[in-house]
Amino acid sequence: MTAPVLIVGAAMGGLRTAESLRRAGYTGPIRAIGDEVHAPYNRPPLSKDVLATEVTHAAVAFPARAETADVEWMLGARATSVDLPTHTVTTADGHEHHYSALVIATGLRPRRLDFPPRAGRHAIRTLDDALALRAELVPGARVVVVGSGFLGCELAATATKLGCAVTVVTPSVEPMVRPLGAMLAHELRGRLEGEGVAFVLGASVASMDDDAVTLADGTRIAADVVIEAIGSDCNSEWLAGSGLDLTDGVLADNALRAVTVDGAAHDDVYVVGDIARFPNPMFDDVARRVEHWNIPTDTGRRAGAVLGAALAGDVESAASIPFAPMPSFWSNQFDLKLQAYGLPGLADPDGVRVLEGELGGDVAVGYFRAERLVGVVGVGLKAALLPYRQQIATGGTEA
Amino acid sequence: MTIKIDVDMSLCQHYGQCVFEAPEIFALNEDDKLEYVAEADESLRGNVENAVDVCPMQAIRIVE
């Protein structure tokens, strides 16, 4: 029997890769293994609806398609090592999985603060994480959110709407400042504070006990619940010793073929999702990881197409087509609806300016690098962003 | 052959990602609200499936 294409990581990116492989004409066996027990599901509701209402796995699961009905899903199985020369992945139960081609889609896990356990400590990545937190977000609960990225701010908004008293503690000068820049971040903080979220900026947690967190300056903040939203680490440990470049995720070329520390790309090993560090010619030739929701779908489609061509004996027919996905992200916090395209974080320090509207209301903010638009963020605007999206895609300079 | 398309408007946040994948079916109107055609030719199935995939709210489905 032919060894299967083995997809390690049974979430959105793995699912999209399997679907794309079928669309590329590959009819052989596909096996997907993942450490979560749930079939692939949509994560964005975890910081919002799942916390606020009775949402089950069925409500957030991706629809199954006929073309991938014969994919073998091995859930609750964690990969622990790989041997590329013999095409073998070993899982925690000791099973050895032989493969014809390997897709790395093991994603991220929340980074955690290094403190002893206490009741009410949470981080959110999985459905089970969200369900555990939901039980504790009761009216009147005192909640400290550590970290002020999009996830931290969304969690703060959701908890506040549920009647909790929420304080965000962050080392940053403003929430969401890295992707949005200080001007818009400052404006959004004001809006969140107006909704009742308290911020402690420039602060770090020095310790925590069962009743409170204590900041580095000695301030104690009472906390029934502590939510850690301080970023993510890549699940790449199982690839140690493989020779792949594991500097910040897993390095891939533009065809998403995994690249070794010697710079060689494997035609039979691919990287998908937010663990993939790959160059996007929409911006430059620098390989980057992008943790946006659209990336698992875009990279899964791409890897499936290239791998499908490789298995058919003509990898270059697909690999030679440039892959330039448009980064897109969204965030809902109270009535704030943010939508963004491109990579605003690439902007020059003085390259951030209002494109239309005004900061106090609906606004589109442009992010420029060397006078080229590389990102746009809209607050309360949607269709108005589309021409800017086009401008980012085509590398046009400011009109 | 036609396919039927349903958008759960209680989920839809009018992000408009579907518009890029299947402009024949989906559009944002001048009030930034999503409008769509509920029935389409079978030949558009691939585009509509792509629209289903890119909806962050997973609000779109093909009614089989």
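Bear in mind that the values in this text are calculations on the coordinates, not laboratory data. Every value quoted in this text rests on a predicted model; they were computed, and no experiment measured them. Cβ atoms come from the backbone with ideal geometry, glycine included; neighbour counts cover every protein chain shown.
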Choice from A:V226, A:V145, A:V37 showing the highest fluctuation, given a GNM over chain A with Cα pairs closer than 10 Å: A:V37
The stretch B:5-47 and the stretch A:238-285: distance between their alpha carbon centers, rounded to Å: 34
Convex hull projection area averaged over all views, the protein assembly as shown, Cα basis, nm²: 22.8
Part-to-part distance (alpha-carbon centres) for the stretch A:183-213 and the stretch A:42-112, which is given in Å: 34
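Given only helices, namely DSSP H runs of n ≥ 4 each adding -39500 (n - 2.57), what is the per-residue ellipticity at 222 nm of the protein assembly as shown, to the nearest 500 deg cm²/dmol?
So the calculated ellipticity at 222 nm is -6500 deg cm²/dmol.
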In degrees, nearest ten, helix B:45-54 long axis to first principal axis of chain B (Cα): 30
Shape call, the stretch A:105-198: gyration tensor on alpha carbons, a/c limit 1.5: oblate
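Given R₀ = 30 Å, FRET efficiency for A:S204-A:V354 by Cβ-Cβ distance, to 0.05?
0.40
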Sum of side-chain charges, A:G76 neighbourhood, beta-carbon under 10 Å (Lys, Arg +1; Asp, Glu -1): -2
Distance-filtered residues of the stretch A:228-251 - backbone nitrogen under 16 Å, label point 7 angstrom along A:S81 Cα→Cβ: A:237-244
Along each principal axis, Cα extent of the stretch A:39-149, largest first, Å: 56, 38, 26
Highest average packing first - A:6-16, A:121-131, Cβ atoms within 10 Å: A:6-16, A:121-131
Karplus (6.51, -1.76, 1.60) ³J(HN,Hα), θ = phi - 60°, over the stretch A:217-229, in Hz, Gly and Pro reported as x: 8, x, 4, 9, 10, 4, 8, 7, 10, 10, 10, 9, 10
Residue list for the stretch B:22-36, given a label point 7 angstrom along the Cα-to-Cβ vector of B:R61 and an amide N cut-off under 19 Å: B:36
Virtual spin-label span in nm between A:S320 and A:D248, 7 Å along Cα→Cβ: 3.1
Pair A:D335, B:T2: separation of 7 Å Cα→Cβ label points (nm): 3.9
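Counting only Cα atoms, I'd like the Rg/Rh figure for the stretch A:223-353, Kirkwood definition for Rh.
1.04
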Radius 12 Å from Cβ of B:K4, net charge of other residues (Lys, Arg +1; Asp, Glu -1): -3
Listed peptides A:169-180, A:310-321 by packing density, highest first (mean Cβ within 10 Å): A:169-180, A:310-321
A:T2-A:E96 FRET efficiency (beta carbon distance; Förster radius 25 Å; 0.05 resolution): 0.90
